[in-house]
Amino acid sequence: MNTIYPIKLLEDKIILLDQTRLPQEEIWLEMIDYRQMIEAIKMLRIRGAPLLGLAAIAAAYLAAIQFLREKEFMKLMDNAVDEIESSRPTAVNLFKATTKIRQILHESIDSKVIKDKLRTLYEFLYEYEESACEKIGMNGITLFAPDKKLNIMTICNTGSLATIGIGTALGVIRKLTVDHDVHVYASETRPLLQGARLTMWELQKSGIPSTLITDNMAGWVMKTNSIDAVLTGADRITANGDTANKIGTLNLAILAKYFKIPFYVVAPVTTIDSSLESGSEIAIEEREHNEISSLGNKQIAPMGIHVFNPAFDITPASLITAIITDSRVFIPPYHFDNVGIDPCVYPNIN
Ligand code: MRU
């Protein structure tokens with residue numbers, strides 16, 4: 001299996017794989033300034049809910065190095081965390097990370113101690129997310145009868161590039177390939193094409209049979225290609241099971257219901273936000289209009305038109321057959337009590 005690790009924390013810098021350049025070029029960027037990390041988050045050079053939690057901590061760690069000897073260390077760090085929080089609003093992993101970062105900032109007045117604790121937090125979460133993907137994969141395969149040919153549909157990218165390790169929805173798919181004859185239908189995922197560029201790249205590298213479709217083909221492919229399940233990731237799952245994920249996920253859930261296809265959300269418990277009762281409370285990111293009105297650098301729609309570009313949608317719990325996590329598989333009605341330790345909330349940082 002081909003696992004890519006898209007972020008590396010070195011002593012005084014971060015190295016990350018620029019996902020906007022894939023699959024044409026594999027460019028590794030060196031980050032020494034926390035604002036470079038924030039730019040990378042905003043531009044989706046690094047992306048995917050679990051990875052955004054780590055990216056937030058990595059940005060704070062760089063800020064701590066930059067401001068280590070400043071008299072105003074605390075104030076500068078507080079501002080840096082505010083900036084990190086304003087980078088992308090939807091994935092809860094980023095906000096769980098900044099909540100923990102703020103807690104660390106309030107626990108000490110020694111800048112070196114804070115810097116070291118941020119590094120420990122990063123390492124802790126990195127290991128957690130990697131093993132969470134493994135557990136998610138093992139929990140996910142229990143939903144599928146053995147030795148069966150499986151056609152699975154997915155959207156966006158939920159693999160190594162969005163997590164640490166084998167991925168969430170893509171992690172389950174990878175585990176399934178051990179005992180099943182799996183074929184993946186990857187939705188291209190307009191407008192930034194994470195499905196076409198990133199998921200197809202990962203599937204090809206792993207040798208998993210797969211077919212790329214445009215987003216508007218999903219209904220027809222479900223009708224004609226006997227899809228056995230839809231597996232998607234999540235950016236935020238609220239207490240009632242409503243799930244924010246990449247725009248287009250709701251369409252797939254509605255189609256799956258119509259065609260009686262199981263629709264599974266796959267995510268680590270770090271993506272569950274029990275502080276929100278339902279999906280209507282989730283902030284949905286709206287992105288630049290040129291992501292839709294242009295293709296690459298080429299303008300395709302008339303200039304001066306209205307464009308709507310929400311990056312995520314919310315699938316109601318009623319359309320979700322089960323939520324596969326590292327803790328266990330949840331079935332409706334969703335209650336996320338006793339999900340185990342959420343490392344962003346309870347890490348053991350000394
Ligand atoms: O805008 P992106 O590419 O960050 O959106 C990513 C997704 O919607 C993923 O499905 C989600 O973050 C889960 S990644 C394991």
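The values are calculated or read from the model by the stated rules, or taken from the named source; none is laboratory data. Worth saying up front: this structure is predicted, and the values here are computed from it rather than measured. Cβ placement follows ideal geometry from the backbone for every residue including glycine, while neighbour counts extend to all protein chains displayed.
Here are some notes:
- Filter result for THR189 (within 12 Å of the ligand (Cβ to nearest atom) and in contact with a strand residue (DSSP E or B) (Cβ under 9 Å, 6 or more places away or on another chain)): yes
- Selection status of PRO316, within 30 Å of LYS100 (Cα to Cα) and loosely packed, with under 14 Cβ neighbours inside 10 Å: no
- Pick from segment 272-304, criterion of a type in the set (A, V, I, L, M, F, W, C) and more than 30 Å from GLU129 (Cα to Cα), ranking: modelled with the lowest pLDDT: LEU295
- Among residues of segment 288-317 that are of a type in the set (Asp, Glu), those with a Cβ under 6 angstrom from a residue that is in a loop (DSSP other than H, G, I, E, B), sequence gap 6+ or separate chain, pair up as GLU291/PRO191; GLU291/ASN309; ASP313/ILE247.
- Candidates VAL184, VAL221, VAL266 - the one that is closer than 24 Å to ALA91 by Cα and either modelled with pLDDT of 95 or more or touching a Pro at 6+ places or on another chain (Cβ under 7 Å) (or both): VAL266
- For LEU203, the stated conditions do not hold, so it cannot be described as in contact with a strand residue (DSSP E or B) (Cβ under 7 Å, 6 or more places away or on another chain) and within 22 Å of ARG328 (Cβ to Cβ).
- Qualifying residue in segment 51-66 (condition: assigned to a helix (DSSP H, G or I), touching a Cys at 6+ places or on another chain (Cβ under 8 Å), farther than 18 Å from ILE32 by Cβ and not hydroxyl-bearing (Ser, Thr, Tyr)): yes
- Condition check for GLY48: at positive phi and either within 16 Å of the ligand (Cβ to nearest atom) or of a type outside the set (A, V, I, L, M) (or both): yes
- Exclusive hit being surrounded by 14 or more Cβ atoms within 10 Å (Cβ to Cβ), away from the ligand (no atom under 16 Å from the Cβ) and either in contact (Cβ under 8 Å) with a residue 12 or more places away in the chain or under 28 Å from ARG197 (Cα atoms) (or both), set THR98, THR20, THR90: THR98
- Screening GLY137, GLY159, GLY165 for residues that are of a type in the set (Gly, Ala, Ser), within 23 Å of MET222 (Cβ to Cβ), within 16 Å of the ligand (Cβ to nearest atom) and crowded, with 19+ Cβ neighbours inside 10 Å leaves exactly one candidate, GLY159.
- Residue selected from segment 269-302 under the condition assigned to a loop (DSSP other than H, G, I, E, B) and of a type in the set (Ser, Thr, Tyr), by the criterion farthest from ASP337 (Cα to Cα): SER278
- Considering residues of segment 116-154 that are hydroxyl-bearing (Ser, Thr, Tyr) and touching a strand residue (DSSP E or B) at 6+ places or on another chain (Cβ under 9 Å) only, the residue farthest from ILE173 (Cα to Cα): TYR122
- The residue list ALA239, ALA229 contains one member that is away from the ligand (no atom under 11 Å from the Cβ), buried (at least 19 other Cβ atoms within 10 Å of the Cβ) and more than 28 Å from SER294 (Cα to Cα), which is ALA229.
- Only listed residue being over 19 Å from GLN194 (Cα atoms), of a type outside the set (Phe, Trp, Tyr) and in contact with an Asp or Glu (Cβ under 8 Å, 6 or more places away or on another chain), chosen from ILE300, ILE247, ILE282: ILE282
- Taken together, the criteria place LYS260 among residues that are among the basic types (Lys, Arg), assigned to a loop (DSSP other than H, G, I, E, B) and more than 19 Å from the chain's Cα centre (by Cα).
- Residues in segment 242-279 that are more than 10 Å from the ligand (Cβ to nearest atom), within 20 Å of PRO310 (Cα to Cα) and of a type in the set (D, E, K, R): ASP242 only.
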